[in-house]
Structure formats: C-alpha cells, structure tokens
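See below for the structure under consideration.
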Amino acid sequence: MIHEAIQRIVDPVEVNYDGMIIFAIIGLVINSIASYVTRDGDSLNQKSVNLHMLEDVLGWAVVLIGSIVMKFTGIAVIDPILSLGVAIFILIEAAKNLREIVKIFLEITPKDIDLEEIKIDIKRVKGVVDIHHIHVRSINGEENHATLHVVVKKYDKNIKNTVKEVLKKHNISHSVIEIEEANEGCQEKICK
C-alpha cells in the first residue's frame with residue numbers, strides 16, 4: 001500500500017470518484033457493523049480482530065472523505081496521500097500488537113504480575129518454608145499460568161490447594177506446583 005501510494009504521488013492516475021464514494025459507503029457500513037460486533041474481546045486475538053475492523057472503518061472513512069474532496073476539487077494526489085496516512089497508522093498499531101505477541105511466545109512474565117509479592121504471599125501459607133523455581137507466563141495475553149516449587153516443613157495435601165487460592169488472587173488461573181519437604185532438596189538441576 002505504501003509503495004503504491006508513493007508511486008501515485010509521483011505519477012497521479014485518473015480516479016473514478018463516484019465509484020469510490022459508493023464503495024466507501026458500503027465498506028464503511030459493513031465494517032462498522034463488524035467492528036461493533038467484535039468490540040468486547042479481552043484476549044489478544046479478539047483485540048487484534050477488533051483492531052483490524054477499526055482499521056477497515058478508518059480506511060473506508062478516509063476513502064469516502066477523500067473521494068468527495070477530490071470530486072469537488074479535482075486534486076487527485078489526495079488519494080495516495082490519504083492511503084499513505086492509513087498505511088502508516090496500520091503499521092504503528094500492528095507493531096504494538098506484535099510486541100505483545102512476542103512477549104507471549106517468549107513466555108515473558110506478564111507486566112501485571114509481581115513475582116516478589118506472590119512469593120511473599122505464598123510464604124505466609126501455614127507450613128510453607130520457601131518457594132523457588134517460579135515462572136508465570138500467559139498463553140493468550142489474558143490467562144496466566146504458573147509453575148513453581150513449594151518447600152514445606154511436612155507434606156500436607158491442603159497446602160497445595162491453599163497455594164492455588166493465593167495464586168488465583170494474583171490473576172493466575174492455572175498452576176503446576178511441585179511440593180518438596182525441607183529435608184528433601186530440589187531434584188531439578190536448574191534449582192541447584
């Protein structure tokens with residue numbers, strides 16, 4: 001789109017204004033409905049779909065305004081300039097989404113998760129001596145998953161359930177917990 005817009009700025013072409021106006025109105029109506037339907041998403045996928053719909057609405061609005069202005073002024077260079085503006089806007093928004101997607105793929109701890117606060121809260125659970133090897137990640141930008149090792153004085157099956165409740169308070173919906181007694185020591189090489 002950027003390449004074509006630049007070529008059309010350098011070498012303007014004749015534009016069918018009436019056809020542009022008709023297609024812009026149809027596109028604006030259809031994409032506005034689609035944008036309204038997809039507006040209530042929380043996951044990264046849903047947000048991306050809604051962003052795409054909003055970009056389409058913006059694009060058709062620009063086409064409509066540009067075609068009306070060009071029809072009455074005859075300045076054909078308006079079309080590629082507006083196309084360039086829409087393309088740059090889409091590129092910026094896509095880069096923001098890409099940054100969030102990369103964080104998910106790299107299993108980076110979500111920004112709203114404070115690992116130190118979680119450790120402090122888990123250590124308050126009766127019977128817990130220590131916590132280590134904790135990792136929190138998101139697989140969809142909405143739900144958080146955790147894996148961790150909990151060191152206890154003596155094994156008690158209720159400790160795991162209590163720790164899971166603590167994690168839920170920290171917006172962690174799924175967890176895998178390894179329980180270790182204090183005299184046992186961790187068997188994972190990464191913990192040593």
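The values are calculated or read from the model by the stated rules, or taken from the named source; none is laboratory data. Bear in mind that the values here come from a model prediction, so they are computed numbers and not experimental data. Using ideal geometry, Cβ is built from the backbone for each residue, glycine included, and neighbour counts are taken over all protein chains shown.
Residues considered: I78, I108. Of these, the only one that is surrounded by 12 or more Cβ atoms within 10 Å (Cβ to Cβ) and under 23 Å from H170 (Cβ atoms) is I108.
Against the list (1) loosely packed, with under 12 Cβ neighbours inside 10 Å; (2) hydrophobic (A, V, I, L, M, F, W, C); (3) more than 30 Å from S173 (Cα to Cα), the condition V62 fails is (1).
When we screen K96, K123, K119, K103 for residues that are within 24 Å of N183 (Cβ to Cβ) and out of contact with any strand residue (DSSP E or B) (no Cβ under 6 Å at 6 or more places or on another chain), the only hit is K123.
Annotation: of all residues in the stretch 136-178 being surrounded by fewer than 17 Cβ atoms within 10 Å (Cβ to Cβ) and more than 33 Å from the chain's Cα centre (by Cα), the one that is modelled with the lowest pLDDT is K157. Residues of the stretch 66-79 that are modelled with pLDDT of 85 or more and within 32 Å of the chain's Cα centre (by Cα): G66 alone.
Just to check your reading of the model, which residue among S48, S67, S83 is in a helix (DSSP H, G or I), in contact with a Phe, Trp or Tyr (Cβ under 9 Å, 6 or more places away or on another chain) and among the polar types (S, T, N, Q)?
On the way: S48 fails: in contact with a Phe, Trp or Tyr (Cβ under 9 Å, 6 or more places away or on another chain); S83 fails: in contact with a Phe, Trp or Tyr (Cβ under 9 Å, 6 or more places away or on another chain).
After ruling out the rest, the residue left standing is S67.
Among residues of the stretch 10-25 that are closer than 16 Å to D56 by Cα, those with a Cβ under 7 angstrom from a residue that is among the hydroxyl-bearing types (S, T, Y) and in a helix (DSSP H, G or I), sequence gap 6+ or separate chain, pair up as M20/S67; I21/S67; A24/S67.
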